[in-house]
């Protein structure tokens, strides 16, 4: 099997997480899957870009500073020029999420898939906004479009639903899909923090952005629900179909009240079939301790699948983090390779 | 793709659970995986056996009574004769577990795999006792040996570890692998039951056998650990390598004591690498609420994988039940089919 030639767009914590794993896991990926590769191009808004058909030294890429200072190769390529390089087989991408327009991530996805490149990204916006279009471009061009990292980061959530639960019908999928709001609500409950203080702490810890709207207004969870509805349930919903409520309205008083009743307020995201019609919802819910989501702490994420085959299955794990999200892309690389080689291992 | 010809040995709740699913899921298995099949032979200690190369009507098989009373075909075949039928491609098997000798299940496994038949079973004993031998017979004969149902029943635990977490190193795998003891310890804690009363209730509910040793002495969990160590961690341990302690020694007093400290006694099964050496252990542990296993209730099972790639991933779900265990065999059928057709979907 020929070496795959990989390109990475975006060298933030997620992109770097992937490159570190590609460096660490070379031997096991070759021995277990016959998967060999070179990273031939990397591109970053801050650090510039570099392309070397012989393959880049990842250790060097992972040290700070402008890429062209320490690596030889073609420099100053734009992300689109990197995608267009004829000897790039797989484009990895980790760019900021823009849920209004899809941003540059959507343009990257279209460009790569249309050019017949496998495309693997952790950016939620493109599949949330343009699922149908992107899946159909990928199908036409017979390439793999991977976005395992958009849901529960490196925790294999899409994998569990699609590969682990074949032929199952899902009555519902419920989850804690946003770690930031889960962290905030828990601080309010356990430390008696006011909403604004919990938000400030989440920002201080780097969980929430300086504009926290994506988390606390529910956009982030909404995008994830749309992706799961399309991909797992084959229901072609869009963000407008989600009944979305943020946690801005939740007061310390509400949280205390719930606690008195032995309950807990969580921001729950759900896809539930009601008489055959799918209802998608994000919003604060008062849940009790019999609910598996009651016990999801800190920035952990979880999903509960209610099936017609094996009752209720819960998966729980990290919902963010550079290494975990980078790993989600490594998972997709292996998955893509299984398709490509028709090897199932 | 040709129709697969299936045989089922053992028509208890698990075997019946599988046959019901094979009947229900025909259309989706064909449309999603191109997988078509006939069940040509069934065999049961109580209900006799029947073989019809044209395929058996599953609805009729699933009604009670001697099989030959209502179905035409060759009757009175032994389970070994069913395995030997030249037109059987896949043998499903759900016979009682005998952890001392491997019982008839081990003989079935050897016979089927040696004859070049795919073999799928929920019986823990054969892989726990003879993992290396059976894997090597399967490899030599290029057939699939499936036992997803031996761990967490239909909850896709082996699938998650092997397919969902590729190229990961596991620092540890810990879990609640036995529902009966989890149920008993919880009754002691929440209802103040004495050990013997909790056991009697578990027997009344059909969770524990009349000889409850397999559950309460730890044999059941021990077998599961051995399977996971071999299959997931590639560590060739045997049951003798497991430090096994049952829950007979746990008193109501101990449980109350733990509760006072905000803790809970659970029968925890673990595989932990300690300076590169694997330690396998089953036994009661006092755990606190930060441990995901603290929140595993009733007869639910759970596994916590500590990885070097995406931190800690937990999966939770049914650990028993006819439909769930039957579904585990359906999962293996799909998995086998992916290997066979080199289709990855």
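Where a number appears in this text, it was derived from the coordinates with a stated rule and is not lab data. Given the structure is predicted, the values throughout are model-derived calculations rather than measurements. For neighbour counting, all protein chains shown are included, and Cβ atoms are generated from backbone atoms with ideal geometry for every residue, glycine included.
Within 10 Å of the Cβ of each residue in B:315-325, the mean number of Cβ atoms contributed by other protein chains is 4.
Kirkwood hydrodynamic radius for the stretch A:1-82: how many Å is it when counted over pairs of different Cα atoms? Write out the running numbers ahead of the final one.
Numbers: mean 1/r = 0.0776 Å⁻¹.
The answer is 12.9 Å.
Considering Cα pairs under 8 angstrom that are at least six residues apart, work out the relative contact order of the stretch A:175-257 and quote it in whole percent. RCO, the stretch A:175-257: 34 percent.
Express in % the proportion of alpha carbon pairs of the stretch B:1-160 at distances exceeding 21 Å.
On the way: 5612 of 12720 pairs.
Result: 44 percent of Cα pairs exceed 21 Å.
Between this copy and the others, label points of residue A:276 are 6.3 nm apart in ascending order, each placed 7 angstrom from Cα in the Cβ direction. Only beta bridges with both residues in the stretch A:160-318 are counted; by DSSP, about 90 percent of them are antiparallel.
Note on the protein assembly as shown: antiparallel DSSP beta bridges, both residues inside, total approximately 65 percent of the bridges counted. Copy-to-copy label distances for residue A:196, where each label lies 7 Å from Cα along Cα-to-Cβ, are 6.4 nm in order of increasing length. The DSSP beta bridges internal to chain A are antiparallel in roughly 65% of cases.
Give me D for the stretch B:149-222 in µm² s⁻¹, whole number, from Stokes-Einstein with Rh from the Kirkwood sum over alpha-carbon pairs, 20 °C and 1.002 mPa s. Answer from the Stokes-Einstein relation: 153 µm²/s.
Take residue A:116, push a point 7 Å out from Cα through the beta-carbon direction, and compare it with the same point in every other copy: 3.9 nm, smallest first. When only Cα pairs below 8 angstrom with a gap of at least 6 residues are kept, the stretch A:160-318 shows a relative contact order of 33 percent.
Note: relative contact order over chain A, using C-alpha pairs below 8 Å and six or more positions apart, is 20 percent. Shape index of the stretch B:160-318: Rg/Rh, with Rg the Cα radius of gyration and Rh the Kirkwood radius from the inverse mean 1/r over Cα pairs, equals 0.97.
Sort A:114, B:16, B:324 by Cβ crowding within 10 Å, fewest neighbours at the top. Let's see the in-between values first.
Values: A:114 16, B:16 21, B:324 24.
The fewest-first ordering by Cβ neighbours comes to A:114, B:16, B:324.
Put in line by how crowded their Cβ is, counting other Cβ atoms within 10 Å and starting with the fewest, A:224, A:263 read A:263, A:224. Using bins of 20 Å that start at zero, the share of Cα-Cα pairs per bin across the protein assembly as shown amounts to 17, 49, 30, 4, 0, in whole %. As a ratio to 2.2 N^0.38 Å, the alpha-carbon radius of gyration computed for chain B takes the value 1.02.
Computed over chain B, the per-residue total of -39500 (n - 2.57) for DSSP H runs of n ≥ 4 gives a 222 nm mean residue ellipticity of -11000 deg cm²/dmol, rounded to 500. For chain B, the longest principal axis of the C-alpha atoms and the axis of helix B:195-204 are separated by about 20°.
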